[in-house]
Structure formats: C-alpha cells, structure tokens
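Single-structure report; data block below.
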Amino acid sequence: MPDLYFGMRVYVHIFVSVNLDSRKMLGYIWQYVYTSFLRYWLKWFIRQATGTCELQRICSNYKPGATRTTKAEYSLRSSKNKVLREALGTNKGKLEQCVDQIMKEKNVKPQKDPLFKESLHICLLQITGNSSLYISVEDLRKEVFNSENQEHEAMLLKLWDLLMPTVKLESRITKQWGDIGFQGDDPKTDFRGMGMLGLINLVFFSENYTEEARQVLSHANHPKLGYSYAIVGINLTEMAYSLLKSGALKPHFYNTVLGTPELRHFHQLYCYLAYEFDRFWVAEEPESIMQFNQYREKFHNIVKTHLQDPDVTLTVRSKN
C-alpha cells in the first residue's frame, strides 16, 4: 500500500510538471507567433482603420507616466524599423532630431497631431535617461573612498555633523563612528562594496531630510530594536542600485520625472528606502539583528511589489 501511495504521488507530480511545462511552451510559442507575425498585421489593420500609427495611439490614449512610456518603449524596441529601434540608444542632444526622423518614417503630420512630437520626446528623455542614470550611478559605485581626497574626507565629516550636531568628533579615527552605525574606528572600510555611492546617499538623506534621518538614527540606537544605521544605509544603497540595474525602478522614474532622471532622483529614491525600511523594522519588531537578512528580503519584496503598480511613486512621506 505505501508503494502504491508513493507511486501515485510521483505520477501526480510528473503530470503536474508536464502540464506546467506544456503551458510554458505554449506561452513561448504564442509570444513568438504574436511578436513575429500577428502583431505586425494587427498594427497594420488598426493603422488603416484609424489613420494613426501605434506610437500616436499610445501618446494620445495614455496620460504622461509609466504606462505611456513603458508602452512606447516596447513599441520602439519591437519595431521592425531600424530608425525606431535605434531611438532607444540616442544621445539626449540628438533626441529632437530623432523624433523628427520617427515622424517622417511613420508619416505623422504635425498639423494633424500637434501634441505627438512633445509627448514622444518626453518618453524618449525618460527611456534614454534611465540608461544614462545607471551609468552615472555605476561610476559613483566604482569610485573608491580615498582618505587622501579632501572632498571625500569633508563629506564623511559632514555626515557626522548632520547626524550628531551637538557631539564633537574627537578625532578622524575613533570609536565614536560606531554611534552612527559604522563597524570600526575608520568608516572608509565600510564603503568598499558601494564606494562613494554609499556615502553620498547617507549624506543626501541627512542633508535633505535631516529631521527624518536623525529620527531613523534614534531608532537605530534603540537598546532592543536597534541596528547599525550606516551599515544598513549602505546595504539599502545596494538595494537601490540593484533595482535600478534590473530596470525595476523605471515605473517610479517614469511617473515622477517628466524628463531625464538624474542622480538626485536616485538619491531621493534611496531616502525613501532608508525612511521606509526604518518604519518597517520598527513595526516588525525583530527579535534580533541576526534576523536582518530575513527582514531585508521581506522589505525588498514589498518594494518590488509596489514597483509593479503602473502608478507607483516612491517618495518620503514623513509624519513630522
């Protein structure tokens, strides 16, 4: 009887696995057929019926934001027209000329659709800007903190002054750094993973949301629920960086920046993560800092879920 029960379980498992694999295969086949054949003819048919190209319909049917820009990006990337595909890699300075070329290729008349040019231009600023933003962020991540660089040192000391305005730092290398969550006597060793990006984010949060940052630091120094403020902050920089690299932040930037996203927009996104993670940590009341990775992953999943909302905007909403 046990053998029969085991055999039935194996059969059911195989049956379910085969069904799932079959569905995936059918999904892949349908996707290939649609993108390679059906989509082209569907677009052609609608063009004949409406007198407008797909990009025109996207720009006129959707308000500025993630839904419009995401659909425009997909349309350009999936196009069989080389001019449209290459628009995704155009430099900012040549985007206006690029839009004119697209309008010529798609036979779009400015007199008939006066809003199209500006709408498409904004979409392309957002799409290409997201790529250039990643390059800028990556450059900062690769920049190593250098104790002999006066700008680096000044920024580190500024972080202390912003967070601990009433406490004087006894010396550059001191155990006092532990009061704001660094691991050792010299914080430079903690920036190895995220480079200057980690420090710049910490300073940006402390400078632009000073009251909130000090509040978060006070929570981090709680005797029971405390955590290493600076170390966790650098860890959240890595989270922001990975979300940017994967493209998950596109909806947020497409909704919040009607143009080219810049470094300050990335730093503001970091501020959201730093503030919201603290609220999340305090609400969850972990038993120990040893559970940090578990709760970090849970918070990460919450953020990724938010980013699946086409209307998402991740901004600091302080109660102060």
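The values are calculated or read from the model by the stated rules, or taken from the named source; none is laboratory data. Everything numeric here is computed off the predicted structure, so don't read it as measured data. Note: ideal-geometry Cβ built from the backbone for every residue, glycine included; neighbour counts use all protein chains shown. Side chains are part of the model used for accessible areas, which takes the heavy atoms of the whole protein and leaves out ligands, DNA and RNA. Shrake-Rupley method; radii C 1.70, N 1.55, O 1.52, S 1.80 Å.
Can you pull out the residues in segment 184-210 that are charged (D, E, K, R) and either in a loop (DSSP other than H, G, I, E, B) or more than 17 Å from residue 270 (Cβ to Cβ) (or both)?
Residues satisfying the conditions are 185, 186, 188, 192.
List every residue pair whose Cβ atoms lie under 8 Å apart, where the two residues are 6 or more positions apart in sequence or sit on different chains, the first residue falls within segment 300-320 and is within 14 Å of residue 278 (Cβ to Cβ), and the second residue, located anywhere, is of a type outside the set (A, V, I, L, M) and part of a loop (DSSP other than H, G, I, E, B).
From segment 300-320, the pairs are 316/209; 318/209.
For segment 205-240, how many residues are closer than 30 Å to residue 63 by Cβ and under 18 Å from the mean Cα position of the chain (by Cα)?
2
Picking from 159, 120, which residue would you name as being outside the structural domain of residue 230 (by the TED database) and buried (at least 18 other Cβ atoms within 10 Å of the Cβ)?
Within the list 159, 120, the selection yields 120.
So, of the residues in segment 47-71 that are without any contact (Cβ under 8 Å) to a residue 40 or more places away in the chain, of a type outside the set (Lys, Arg) and in contact with a Ser or Thr (Cβ under 8 Å, 6 or more places away or on another chain), which turns out to be least open to solvent (accessible area, probe 1.4 Å)?
This residue is 58.
Would a scan of segment 224-234 turn up a residue that is outside any loop (DSSP other than H, G, I, E, B) and either more than 22 Å from residue 163 (Cα to Cα) or aromatic (Phe, Trp, Tyr) (or both)?
The answer is yes; a qualifying residue exists.
Exactly one of these conditions fails for residue 279: (1) within 30 Å of residue 66 (Cβ to Cβ); (2) of a type outside the set (A, V, I, L, M, F, W, C); (3) touching a residue at least 40 places away in the same chain (Cβ under 8 Å). Give me its number.
Status for residue 279: all satisfied but (3).
What about residue 240, is it modelled with pLDDT of 95 or more, within 19 Å of residue 300 (Cβ to Cβ) and outside any helix (DSSP H, G or I)?
Criteria not met by residue 240.
Please pick out the residue among 202, 243 that is more than 17 Å from residue 154 (Cβ to Cβ), of a type in the set (A, V, I, L, M, F, W, C) and surrounded by 15 or more Cβ atoms within 10 Å (Cβ to Cβ).
243
Return the residues of segment 105-157 that are within 30 Å of residue 168 (Cα to Cα) and under 27 Å from the mean Cα position of the chain (by Cα); say none if nothing qualifies.
140, 141, 143, 144, 145, 152, 155, 156, listed by residue number.
How many of the residues in segment 57-71 are of a type outside the set (Phe, Trp, Tyr), within 19 Å of residue 108 (Cβ to Cβ) and more than 19 Å from the chain's Cα centre (by Cα)?
Total satisfying the criteria: 5.
Mind checking which pairs have a first residue in segment 72-95 that is open to solvent by 10 Å² or more (accessible area, probe 1.4 Å) and a second that is polar (S, T, N, Q) and part of a loop (DSSP other than H, G, I, E, B), Cβ under 7 Å, 6 or more apart or different chains?
85/79; 92/260
Residue under question is residue 173, and the condition is that it be part of a helix (DSSP H, G or I), open to solvent by 40 Å² or more (accessible area, probe 1.4 Å) and hydrophobic (A, V, I, L, M, F, W, C); does it hold?
No: the conditions fail for residue 173.
Which helices (runs of 4 or more DSSP H) sit wholly inside segment 47-108 and have at least 3 residues that are over 22 Å from residue 247 (Cα atoms) and of a type outside the set (D, E, K, R)?
54-61, 95-105
If the requirement is being open to solvent by less than 10 Å² (accessible area, probe 1.4 Å) and small (Gly, Ala, Ser), which of these qualifies: 220, 248?
220
Among the residues of segment 282-316, how many are part of a loop (DSSP other than H, G, I, E, B) and under 19 Å from residue 65 (Cβ atoms)?
Residues that pass the stated criteria total 9.
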